[in-house]
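These notes are about the structure you will find just below.
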Amino acid sequence: MMKLAFQIAYKNLMGAGLRTWLNVAVLSFAFVIIIFFNGLMDGWNRQSRTDSIAWEYGHGHLQNDAYDPYDAFTLQDGHAEIPSKVKNVTPILVQQGNIYPEGRMMSVLLKGIDKEQGTIKIPTEAFTTSTAQFPAIIGNRMAEAAQLKVGDQVLLRWRDKNGTFDASNITIVDIFDTTVASVDSGQIWLPIETLWEMTGLHNHATLAIANSNYEHVPIEGWNFESQAEMLQNLDDIISMKKYSSSILYILLLAIALLAIFDTQVLSIFRRQKEIGTYIALGMTRLQVVRLFTVEGSMYSFLAMIVGCIYGIPLFIFLNAKGIGMPQASQEMGISLADRIYPIFGLQLIVGTILLVTISATIVSYLPARKIAKMNPVLALKGKLQ
Amino acid sequence: MIQFLLKGIIRDKSRSILPIIIIAIGVGLTVLLSGYLKGAFGDIIDQNARFETGHVKIMTQAYAENKDQVPNDLALLDASGWIDTLHNEIPQMQWVQRIKFGGLIDVPDKDGNTRAQGPATGMALDLFSGKSGENKRMNLESSLITGALPKKAGEAIIGHDFSEKLDLKIGDEITLFGSTMNGSMTFKTFEIKGTIKFGTSAMDKGALIIDLTDAQQMLDMENATGEILGFLKSGVYDQPEVDNISEEFNNEYKLATDEFSPEMFTLREQNNLASLLDYADVMSALFVFIFVLAMSIVLWNTGLLGGLRRYQEFGIRLALGESKGKIYRSMVLEAVLIGIIGSVLGTIIGIAITYYLQVVGIDISGYLNNSSMIMPTVLRSKITPSLFYIGFIPGVVAMVFGTMLAGIGIYKRETANLFNELEV
Amino acid sequence: MKTIKYILVMIVIVGSGFEVQAQNLTANEIINKVDDNMSSETQVVVSDMVIYGKRNKRTVTSKGYTRGKNDSFTEYLAPAREEGTKMLKLEDRLWIYSPSTDRTIQLSGHMLRQSVMGSDLSYEDMMEDRELTDIYEATIISEETIGDRNTWKLELIAKVDDVSYPKRTIWIDTERFVPLKEELFAKSGQLLKKVVMDDIKQVEGRWYPFKMNYKDVLKDGKGTDFIVKEIQFNVEIPEYIFTKASLKK
């Protein structure tokens, strides 16, 4: 019987032609957009996490106890030699300095990093190819703020460990482009050996970035902030964005369901004679109701197929090419990439299919209930109003 | 004719109620979606406007050039004069002064000697006048973790984590040590009234918020201000309007010869927000387009349904000798009327809900693990002028189009068959 | 005033032990002569500090008491805003007292690197109180004329690590034993600051510069002027002046 219902439902839908396809189109839009939006959010989430990990967090930070990233005054004393038993970390020494682009004084953070490191994405290989005495790498934002280009020199003044002033021109050997403002704004990256030489703080580090092989054991004088702790804030923002966008697709789904509902009402009205005929031929009313419900929910199956036809290539394309995003203010600590690569997970797709199918079935059922109350004779005559 | 049709619409509920309800729901949804999109995309922009950029911001040219260094020595003088000028010449905006400053917070022990110290990032807001709206704008009250907002001179609120670091309690006194606009040393004692958490580490670990008058006195900035922020009274950022305002202002007051003359910057020109604004526009246009398309299909259906329902009626009218063209026109006109009624109703409902969401919003902080972030945890929509007409496009056009398509059937009917059909 | 005292002390006090010959005098003899001329057990100075801001200039008047090289007490007299603000330095500690809040704040660490009253001088610059001879090795490198005065150009190279400026050049008047110009350098040899003395007058039998300009050469601007209005040498200063209690008085 169920098989018959499907067959009849299918024939009816195909018979209705254009209108069916319009409904299917709307519903498939809903499908595609829900999946698209969630994929975008997941992609953004992954990208922000990946970028933050790749550029800044690594697999966690081992920080000197005296160092507080939010208190510049702690930089003076917040460093020490990292115990030799600590393995699989890239030490970073942070010191303060001033640069003087065109007679203006700008405070900067000097960050020393190993030339050979591969823990974070700062393009330190530029140090190895440069012949400059003080090769420096900066980010886009810093370059813009100080109006510096690759090859430019700028006067830097700093103090060594004894407070003795030193000053020299540094040469910008590379400018990197990152979504993570916190490794860019107001910062100058130097080879750590150079910074050690400049400050006399040989082998000292303010913090150390762990790589994937790092295993944490408590070390006196140092505290470890894990990757997960660092990502917390980001996760919050992403989940907030997800809630925000869920309202969007609830609205979109609502309109698609309204279209199905509307079509059901229309078809039940138009097909009174048909309904009367089914009953006259011996179908129970419940069976007819089921037939119409199946017909309605079949929209979602068709929508799925149609959605797949244009959605899958679209998703594959977007997944490969990414979606251009604007370069916005990064002040809020969110890393927003200029390209986001959406992720379309199985869970997302199956979840969306279930959501759309179930809700389409429900809205198809609602008007179909009316059939149960019809007078078959009047229905057969087409005289119901 | 219209009157006649209106009577028909009102009296024959069967031909009006369903379409009107559907149009109203559809139009309402369109309006709501559009308003919600404006609100959602406006999040970051709005956040920037409220905390940082205003809809427009006025600084001296010299200050603007060095604004990262918080150069209060380059502040705008005669602030109240400028505020008056702005109120008079640009009454459609609300103007507030803000001063940012740096300093050292020194916490005394019981003998008045230094017990703890820490560098503070200060922000002075107009809290006392009661007219600035800064409390609401910056979300101060609801971001308080302990205590209350400053009510009188000499009171301050401090970042919550900062207060813990300095081991401060409500009611404790601190001395702020900094330098005035002229570079002199300056000291001022504040009583801690509250601790605040915005959700950004930088602020929670270092912010000190005081009233503008306290800052002006302390920083020797009597009648001077670092920044004047302007907010459109409508609450919604309107690029063309703001462009006009800033162009006029800069033409008149920005002097090439005087680096201390003021310059107005629109939100768009600050913090790289231009591309984000463009993006938001494109995205919401795309969404609204898809939605309008979907809505049109729904209403087209409704139009068809209306036409089909009255198959018999038209049959009788044809049989009675009415011309096909006349029936068709009356049908379309009726669709226009129903479309308008539904759209008006839907727009009202949509705007009402949008307004509710704009004022009250949906609080999702409960769903978030750690609801301490500068990103708003209340989802809001935003009423824009476009909401008042956006629903009419699918509401009227699609309804009429649907009816027109359905009505074509009239021309296909042959008189010979009419009686045959009517007999059934 | 402490600031002026600091600069002069730094310039004039050089101990014994230099073997470098320059005509008839060695570098250390020259500096000893300058020291004899300008230094004293105690000093009381009333001075103006003129700070050139980007849009205005500002004059801060203060009265400074100095005892030996380590202790000093400064009271600000004008303008009204600064009046009654006091600064006490004992050895390596610095306190600032503000009458408006009746608080004494001790400055340490990073705060000492901030500029004093918006001038080109930092608190730390003022804190240095070791003798030049303890920190630098002096050499006469040439004779030069500044204006119509003949000078010896002395080069001082740091012999200890913890100095702000590892190299200085000082020009000293060959007749009056007054420094006329000084340049402060970074480790790399980059010129950082420049001090120019002017308005040399005789007071109590000593030649003394009544005007000095102190400038951070890396920054745009005119630097900071110090103008001596009154100066007394070897006057009796009551002991209580150099105690924390005097801040609140």
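When you look at A:Ile192, is it away from chain C (no Cβ under 14 Å), within 19 Å of A:Asp114 (Cα to Cα) and touching a helix residue (DSSP H, G or I) at 6+ places or on another chain (Cβ under 8 Å), yes or no? Answer is no for this residue. Residues that are surrounded by fewer than 14 Cβ atoms within 10 Å (Cβ to Cβ) and within 25 Å of A:Thr20 (Cβ to Cβ) were ranked within segment A:367-384; the one that is modelled with the highest pLDDT is A:Arg369. When B:Gln3, B:Gln94, B:Gln61 are checked against the criterion of being more than 10 Å from chain A (Cβ to nearest Cβ) and touching a Phe, Trp or Tyr at 6+ places or on another chain (Cβ under 6 Å), B:Gln94 stands alone in meeting it. Of the residues B:Asp68, B:Asp43, the single one that is of a type in the set (Asp, Glu), open to solvent by 50 Å² or more (accessible area, probe 1.4 Å) and at pLDDT below 85 is B:Asp68.
Which one of these is within 11 Å of another protein chain (Cβ to nearest Cβ), on the phi < 0 side of the Ramachandran plot and open to solvent by 40 Å² or more (accessible area, probe 1.4 Å): A:Ser244, A:Ser185? Spell out the reasoning first.
Numbers: A:Ser244 fails: open to solvent by 40 Å² or more (accessible area, probe 1.4 Å).
Step by step, each of A:Ser244, A:Ser185 is checked, and only A:Ser185 is within 11 Å of another protein chain (Cβ to nearest Cβ), on the phi < 0 side of the Ramachandran plot and open to solvent by 40 Å² or more (accessible area, probe 1.4 Å).
What number of residues within segment C:149-166 satisfy the criterion of being of a type in the set (Lys, Arg) and either more than 11 Å from C:Thr139 (Cβ to Cβ) or out of contact with any Asp or Glu (no Cβ under 8 Å at 6 or more places or on another chain) (or both)? Even if it seems obvious, please write down each step before you answer.
Applying the first criterion (of a type in the set (Lys, Arg)) to segment C:149-166 yields C:149, C:153, C:159.
This time we only want the ones that are either more than 11 Å from C:Thr139 (Cβ to Cβ) or out of contact with any Asp or Glu (no Cβ under 8 Å at 6 or more places or on another chain) (or both), so: C:149, C:159.
Result for segment C:149-166: 2.
Just one of the listed residues (C:Arg103, C:Arg149) is more than 14 Å from chain B (Cβ to nearest Cβ) and over 17 Å from the mean Cα position of the chain (by Cα), and it is C:Arg149.
The number of residues in segment A:177-193 being modelled with pLDDT of 90 or more and either in a strand (DSSP E or B) or of a type outside the set (Val, Ile, Thr) (or both) comes to 6. Candidates are the residues of segment B:182-228 that are β-branched (Val, Ile, Thr) and open to solvent by less than 10 Å² (accessible area, probe 1.4 Å); the one that is farthest from the other protein chains (Cβ to nearest Cβ) is B:Ile228.
Residue check: A:Lys161 meets all listed conditions (1) within 14 Å of chain C (Cβ to nearest Cβ); (2) open to solvent by 30 Å² or more (accessible area, probe 1.4 Å); (3) over 23 Å from B:Asp68 (Cα atoms); (4) not in a loop (DSSP other than H, G, I, E, B) but one, namely (4). Scanning segment B:104-128 for residues that are open to solvent by 20 Å² or more (accessible area, probe 1.4 Å) and in contact (Cβ under 8 Å) with a residue 60 or more places away in the chain turns up B:Pro108, B:Pro119, B:Thr121, B:Met123, B:Asp126, B:Leu127, B:Phe128.
Matching residues to (1) among the small types (Gly, Ala, Ser); (2) open to solvent by 40 Å² or more (accessible area, probe 1.4 Å); (3) in a strand (DSSP E or B); (4) over 26 Å from C:Lys249 (Cα atoms):
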{"residue": "C:Val34", "(1), (2), (3), (4)": "no, no, no, yes"}
{"residue": "C:Thr59", "(1), (2), (3), (4)": "no, yes, yes, no"}
{"residue": "C:Thr74", "(1), (2), (3), (4)": "no, no, yes, no"}
{"residue": "C:Ala80", "(1), (2), (3), (4)": "yes, yes, no, no"}
{"residue": "C:Tyr97", "(1), (2), (3), (4)": "no, no, yes, no"}
{"residue": "C:Asp125", "(1), (2), (3), (4)": "no, no, no, yes"}
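Within segment C:132-152, restricting attention to residues that are open to solvent by less than 50 Å² (accessible area, probe 1.4 Å) and of a type in the set (Ser, Thr, Tyr), which residue is nearest to C:Ser39 (Cα to Cα)? The selected residue is C:Thr133. Name every residue in segment B:141-161 that is of a type in the set (Val, Ile, Thr) and buried (at least 18 other Cβ atoms within 10 Å of the Cβ), in order of residue number. Of everything in segment B:141-161, those that are of a type in the set (Val, Ile, Thr) and buried (at least 18 other Cβ atoms within 10 Å of the Cβ) turn out to be B:Ile157, B:Ile158.
Of all residues in segment A:218-227 being touching a residue at least 24 places away in the same chain (Cβ under 8 Å) and of a type outside the set (Gly, Ala, Ser), which is surrounded by the most Cβ atoms within 10 Å (Cβ to Cβ)?
Only one residue fits best here, namely A:Trp222.
Against the definition (open to solvent by less than 30 Å² (accessible area, probe 1.4 Å) and either away from chain A (no Cβ under 14 Å) or β-branched (Val, Ile, Thr) (or both)), how does C:Tyr165 come out, yes or no? Considered against the rule, which asks whether it is open to solvent by less than 30 Å² (accessible area, probe 1.4 Å) and either away from chain A (no Cβ under 14 Å) or β-branched (Val, Ile, Thr) (or both), C:Tyr165 comes out as no.
Return yes when A:Pro123 is farther than 28 Å from B:Gln270 by Cα and buried (at least 19 other Cβ atoms within 10 Å of the Cβ) and no when it is not. Write out each step before concluding.
Numbers: farther than 28 Å from B:Gln270 by Cα: yes; buried (at least 19 other Cβ atoms within 10 Å of the Cβ): no.
No; evaluated as a whole, the condition is false for this residue.
Screening A:Ala208 against (1) of a type in the set (Gly, Ala, Ser); (2) open to solvent by 20 Å² or more (accessible area, probe 1.4 Å); (3) touching a Pro at 6+ places or on another chain (Cβ under 8 Å) leaves a single unmet condition, (2).
Specify which of the listed residues (C:Leu154, C:Leu90, C:Leu94) is more than 15 Å from the chain's Cα centre (by Cα) and at pLDDT 90 or above. Steps first, please.
On the way: C:Leu90 fails: at pLDDT 90 or above; C:Leu94 fails: at pLDDT 90 or above.
Exactly one of C:Leu154, C:Leu90, C:Leu94 is more than 15 Å from the chain's Cα centre (by Cα) and at pLDDT 90 or above, namely C:Leu154.
Right, A:Phe269: facing another protein chain (nearest Cβ under 10 Å) and surrounded by fewer than 19 Cβ atoms within 10 Å (Cβ to Cβ) or not? Answer is yes for this residue. Of all residues in segment C:210-233, those that are free of Cβ contacts under 8 Å to residues at least 40 places away in the same chain have Cβ atoms under 7 Å from Cβ atoms of residues that are open to solvent by less than 50 Å² (accessible area, probe 1.4 Å) and among the charged types (D, E, K, R), 6 or more apart or on another chain, in C:Lys211/C:Asp225; C:Asn213/C:Asp225; C:Val217/C:Lys193; C:Leu218/A:Arg157.
Is it fair to say A:Thr50 is outside the structural domain of A:Thr124 (by TED's automatic domain parsing) and closer than 14 Å to A:Ile120 by Cα? Walk me through how you get there before you give the answer.
Working: outside the structural domain of A:Thr124 (by TED's automatic domain parsing): yes; closer than 14 Å to A:Ile120 by Cα: yes.
Criteria met by A:Thr50.
Could you say which residue among B:Glu134, B:Glu164 is more than 9 Å from every other protein chain (Cβ to nearest Cβ) and surrounded by fewer than 17 Cβ atoms within 10 Å (Cβ to Cβ)? Steps first, answer last, please.
Numbers: B:Glu134 fails: surrounded by fewer than 17 Cβ atoms within 10 Å (Cβ to Cβ).
Just a single option satisfies the conditions, and that option is B:Glu164.
Being of a type outside the set (Gly, Ala, Ser) and out of contact with any helix residue (DSSP H, G or I) (no Cβ under 7 Å at 6 or more places or on another chain) is the filter here, so list the residues in segment A:123-142 that pass it. Hits for segment A:123-142 are A:Pro123, A:Thr124, A:Glu125, A:Phe127, A:Thr128, A:Thr129, A:Thr131, A:Gln133, A:Ile138, A:Asn140, A:Met142. Among residues of segment B:349-361 that are free of Cβ contacts under 8 Å to residues at least 40 places away in the same chain, those with a Cβ under 9 angstrom from a residue that is open to solvent by 70 Å² or more (accessible area, probe 1.4 Å) and in a loop (DSSP other than H, G, I, E, B), sequence gap 6+ or separate chain, pair up as B:Val359/B:Arg380; B:Val360/B:Arg380; B:Gly361/B:Arg380. Within segment B:182-196, residues that are at positive phi reach partners that are assigned to a loop (DSSP other than H, G, I, E, B) and open to solvent by 10 Å² or more (accessible area, probe 1.4 Å) with beta carbons closer than 6 Å, at six or more positions or on different chains, in the pairs B:Gly183/C:Gly118. Any residue at all in segment A:22-45 that is open to solvent by 10 Å² or more (accessible area, probe 1.4 Å), more than 14 Å from chain C (Cβ to nearest Cβ), over 28 Å from the mean Cα position of the chain (by Cα) and at pLDDT below 80? Looking for residues that are open to solvent by 10 Å² or more (accessible area, probe 1.4 Å), more than 14 Å from chain C (Cβ to nearest Cβ), over 28 Å from the mean Cα position of the chain (by Cα) and at pLDDT below 80, one finds at least one in segment A:22-45, hence yes.
The values are calculated or read from the model by the stated rules, or taken from the named source; none is laboratory data. Keep in mind the model is a prediction, meaning the values are calculated, not measured. Quick reminder, even Gly has a Cβ in these numbers, built from the backbone with ideal geometry, and neighbours come from all protein chains shown. Surface areas here come from the heavy atoms of the whole protein model, side chains and all, with no ligands, DNA or RNA. Shrake-Rupley method; radii C 1.70, N 1.55, O 1.52, S 1.80 Å.
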